[in-house]
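Colleague: I have a structure here, written as structure tokens, and I will follow up with some questions on it.
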Amino acid sequence: MVDKAFAPIFDPKNVATRPIRTPKTAELVARNLRRMIIDGNLKDGDHLPHEAELMEHFSVSRPTLREAVRVLESERLVEVRRGSRSGARVCVPGAEVVARPASLLLELSGSTVADVFVAREGIEPLAARILSTEGTEDDFDELERIVDEDIPAAHAADNLAAGTSAFHLRMVQLSGNATLAIIAGMLHEITERHTGAVISEKSRADKEQYEASYRLEIRSCRRLIKLLRARDADGAFAHWQKHMVNARTSLLKDRENIQVRDILD
């Protein structure tokens, strides 16, 4: 008998006519394997146990097991080399898995590059604040190495955008906030491509001004690292927010209406 308190919920008028779907056995097996990957019992690069072991463990048939593996393959959690005796290999995905679909959504929505740069202003200063309190000296050393080696090397190779973009992305990743890192990774290609196009144009137009901007970028990154090492959360946030606003102003001047699809075509 249905409790009166729940009677409205079970009133036929309020219940959807479509029955609740019972998950297929293959989906349940995939769910268990997915949880093993998420929990770290199966790590990036590991091979799944042999089919016979998995069939016995889950008490399923070979077709059911292979369907479960295909589910994980479609999610980019495993990689299957056809004809290989080694079986399926775990491949823990990074932000690149969602970057392309996210970029496509931005293209379809008519988003501008300005939208993306404004979003970064909400992400990166916050990441800098977190990093200043949660980061380690090794984290700060890594950022310093990027400034000392990677950015100058990229500059020398006429690919400064790659070096500076790497610094921005790595700073967010080192903050330890996975959500911020994933979002930053999704936007990385868009901002790097746009930055590269603008830098290339500026370097051809005024080499001296371009070099001055490069030196300013280096100084700003060093200033951030100094604030991070001092554990100055408010200072790191304020400095990087100003840096991001200045970068947006410079990189979007007369380009405010450029759409994401124009960058990724």
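Colleague: Would you mind classifying region 28-78 by shape? Square roots of the alpha carbon gyration tensor eigenvalues, ordered a ≥ b ≥ c; an a/c under 1.5 is rounded, otherwise it is prolate if a/b is larger than b/c and oblate if not.
Modeller: Details: a/c = 1.72, a/b = 1.39, b/c = 1.24.
It comes out prolate by the Cα gyration axes.
Colleague: Sticking with this structure for a sec: Could you please tell me the mean projected area of the C-alpha convex hull for region 200-265, averaged over all directions and given in square nanometres to one decimal?
Modeller: Working: hull surface 22.8 nm².
Its average projected convex-hull area is 5.7 nm².
Colleague: Any chance you could list P(r) for region 157-206, counting all Cα-Cα pairs in 5 angstrom bins from zero, rounded to whole %?
Modeller: Spelled out bin by bin, region 157-206 gives 4, 22, 26, 19, 13, 8, 5, 2 percent.
Colleague: For the chain, what are the DSSP H helices with axial Cα length of 15 Å or more and mean Kyte-Doolittle hydropathy of at least -0.5?
Modeller: Working: long enough: 25-38 (20 Å, 0.36); 62-74 (18 Å, -0.45); 96-108 (18 Å, 1.02); 113-134 (31 Å, 0.58); 160-174 (21 Å, 0.84); 178-205 (39 Å, 0.23); 207-229 (33 Å, -0.87); 233-252 (28 Å, -0.22).
Taking the DSSP H segments of the chain (at least 15 Å long, mean hydropathy at least -0.5), we get 25-38, 62-74, 96-108, 113-134, 160-174, 178-205, 233-252.
Colleague: Let me ask something else about it. Report the number of Lys pairs in the chain whose alpha-carbons are under 24 Å apart, with separation of 8 or more residues or on distinct chains. Don't skip to the answer; put the middle values down first.
Modeller: On the way: K4/K13; K202/K242; K202/K253; K207/K253; K226/K242; K242/K253.
Value for the chain: 6.
Colleague: Once a ≥ b ≥ c are taken as the square roots of the eigenvalues of the Cα gyration tensor of region 104-216, is the result rounded (a/c under 1.5), prolate (a/b larger than b/c) or oblate (a/b not larger than b/c)? Don't skip to the end; give the middle numbers.
Modeller: Details: a/c = 2.27, a/b = 1.11, b/c = 2.04.
Oblate shape, in that a/c is at least 1.5 and b/c is the bigger or equal ratio.
Colleague: Let me see the P(r) profile for the chain: every Cα-Cα distance counted, bins of 5 Å, each bin given as a percent of all pairs.
Modeller: Percent of Cα pairs in each bin: 1, 5, 10, 12, 12, 11, 10, 9, 8, 8, 6, 4, 2, 1, 0, 0, 0.
Where a number appears in this text, it was derived from the coordinates with a stated rule and is not lab data. Because the structure is predicted, anything quoted here is derived from the model rather than measured.
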